[in-house]
Amino acid sequence: MTKSSFHSLSSFLWLTLLLGLLNGCATLPDVNVMMDDAPEHKVADRIVSAKGLLSAKQSKVLVERLKRSAGDIDILERYTALIESISESPLTKGNKTAILMDGMATYAAMFKIIEDAKDHINIETFILEDIEDDSGRKLSDILLQKQAEGVQVNILYDSKGTFSTPAAFFDKLRDGGIQLVEFSPINPLKARGKWRLATSDHRKIMIADGQVAIMGGVNISKVYSTSLSSPSKSETDADIFWRDTDVMIEGPAVEELQKLFVQSWESQQGPQLGTLNFYPGSQNEGTALVRILGSSPGELNRLTYIMYVAALTFAEKSLHMTNAYFIPDEQALTALSDAAIQGVDVKIILAGTTDSAVAKYAGEHNYSTLLKSGVRLYKRRDVLLHAKTMVIDGVWSTIGSTNMDFWSFSNNDEVNAVILSPGFATEMEDMFENDLAQSDEILWEEWRKRSLLTKAKEWAASLLTRWL
């Protein structure tokens with residue numbers, strides 16, 4: 001996406017802010033009350049494998065084994081008890097998971113699963129542009145080729161996120177038989193039902209044949225056209241590398257992502273999806289336990305927000321977060337500070353370069369509180385950080401689309417995968433350490449000396465946190 005495209009999109013984002021001010025603010029749930037009401041030390045009673053629902057005994061044995069391997073920590077039981085009480089999405093067993101550390105790795109995986117698809121390809125994304133793989137093949141061409149071969153391609157894209165994408169791109173796909181649905185159209189004349197400009201579909205999901213899925217923070221956008229091995233570029237360079245993370249999943253969890261896609265498609269009154277084999281059944285592909293959490297606007301549907309606050313609260317040993325737009329609300333800020341005060345190793349990697357100065361200053365308004373409580377903060381060098389990941393206590397991990405900001409928590413459709421696996425957590429820690437080595441720590445003695453002008457900017461930006 002070019003600089004001019006970002007400016008054009010920014011105009012619409014400011015319009016969204018104005019409408020948000022006019023329409024009032026959403027309310028986030030009180031997670032502390034929810035945690036108090038959840039049953040204590042409940043063993044997951046809805047673990048689903050490729051062969052169906054596990055018995056209570058099988059579930060207990062599985063969770064106890066995982067708990068022992070992680071060092072006898074309580075996050076598995078306490079977090080599961082809360083999420084089981086509010087989510088219809090089950091914990092799934094037998095998943096194979098692979099971290100896709102940057103946009104190029106994600107695109108290589110996307111092109112491969114598109115090529116291998118035999119029945120259908122479902123895509124849900126915030127930004128959609130005509131990207132190329134490393135051999136120069138265009139996404140539009142391979143999607144049209146698969147459609148011509150009889151593989152039905154269905155794409156749900158966000159109206160605001162694709163504002164700068166040329167209409168000719170969509171016309172080309174549509175003319176080739178690909179089914180397209182625009183989420184929450186900017187144009188009120190195209191609205192299906194109530195016009196909701198302040199709502200966006202911020203999810204990033206690709207599913208092929210109901211068997212394999214890719215999801216996380218990576219948009220289908222040209223800004224990811226470089227890799228981590230590319231030479232570093234200056235902060236003023238419009239082509240600076242975007243650092244993001246996705247995960248590829250095979251196994252029973254893919255069915256839960258498929259359900260989310262179908263729900264979103266139907267909520268936008270998309271055309272009939274026909275007789276496609278969306279739920280072909282799955283094999284036990286690996287060892288990871290995975291739960292898919294999809295959020296949508298409405299106080300009781302803020303599952304990714306509840307996920308974040310609960311996980312922060314239940315951390316016992318380590319909490320390592322990477323988050324691009326870090327503007328925690330009071331509950332999340334308190335949970336992070338309390339964790340550090342209680343001796344948890346809390347480290348957060350934040351954006352050193354950003355595409356939103358207002359979000360940057362709003363986030364920095366909280367740094368003093370966090371630093372004084374013992375949270376260690378770092379700014380990633382040489383990249384535009386866009387990842388939203390976290391690993392806790394060497395066993396609990398999440399990758400998804402949800403930023404640590406009010407707009408993601410309250411107004412967007414979001415999705416995160418929560419992965420319970422010591423092996424996967426080790427890979428997440430390795431990725432975190434790699435980013436940490438390329439980050440600069442924010443030290444309290446230096447931070448407290450920043451100028452009055454900077455402090456004034458932080459304070460002013462903090463007044464807008466409910467619309468960022």
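Values quoted throughout were computed directly from the atomic coordinates according to the rules given, and no laboratory measurement underlies them. The structure presented is a predicted model; accordingly, all values stated were derived computationally and were not measured. We place every Cβ from the backbone using ideal geometry, glycine too, and count neighbours over all the protein chains shown.
Listed values, structure above:
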item	result
Interchain or long-range residues, amide H under 5 Å from residue 352's placed H	380, 385
Value of relative contact order over the chain, rounded to a whole percent, pairs C-alpha under 8 Å and six or more apart	18
Segment 407-466: trypsin sites (Lys or Arg not before Pro) falling in loop per DSSP and having at most 14 other Cβ within 10 Å	448, 449, 450
Helical mean residue ellipticity (222 nm; -39500 (n - 2.57) per DSSP H run of 4+; nearest 500) of the chain	-11500 deg cm²/dmol
Separation in nanometres of the label points that stand 7 Å from Cα toward Cβ, at residue 317 and residue 169	4.4
Euclidean distance between Cα centres, segment 286-360 to segment 380-415, Å	7
Dipole axis of the chain (+1 Lys, Arg; -1 Asp, Glu on Cβ), positive-most option in 154, 436, 281	154
Size of charge dipole - the chain - debye, nearest 20, with Cβ of Lys, Arg +1 and Asp, Glu -1, no other charges	560
Base-10 log of normalised Debye intensity for segment 98-267 (one unit scatterer per alpha-carbon) at q = 0.08, 0.13, 0.17, 0.20 Å⁻¹	-0.24, -0.64, -1.09, -1.45
Karplus-derived HN-Hα couplings along segment 365-371 (A = 6.51, B = -1.76, C = 1.60, θ = phi - 60°), whole Hz, x at Gly and Pro	4, 9, 4, 4, 4, 5, 4
Stretch gain in nm, segment residue 115-residue 341, where the contour uses 0.36 nm per residue and the Cα spacing is subtracted	76.3 nm
Net charge, residue 181 excluded, C-beta distance under 12 Å - Lys, Arg +1, Asp, Glu -1	-2
Rough spin-label spacing in nm, given labels placed 7 Å along Cα→Cβ, for residue 61 and residue 192	4.6
Formal net charge of residues neighbouring residue 460 (Cβ-Cβ distance under 13 Å; K, R +1; D, E -1)	+1
Charge tally in the Cβ shell below 11 Å around residue 397, where Lys, Arg are +1 and Asp, Glu are -1, residue 397 excluded	-3
Given 259/317; 67/388; 160/317; 112/379; 138/360; 190/379, the pairs whose alpha carbons are separated by over 30 Å	259/317; 160/317; 112/379; 138/360; 190/379
Phi-based couplings in Hz for segment 274-279 (Karplus 6.51, -1.76, 1.60; Gly and Pro marked x)	x, 9, 5, 8, 6, 10
Diffusion coefficient, µm² s⁻¹, Stokes-Einstein with Kirkwood Rh over alpha-carbon pairs of segment 268-378 at 37 °C and 0.692 mPa s	194
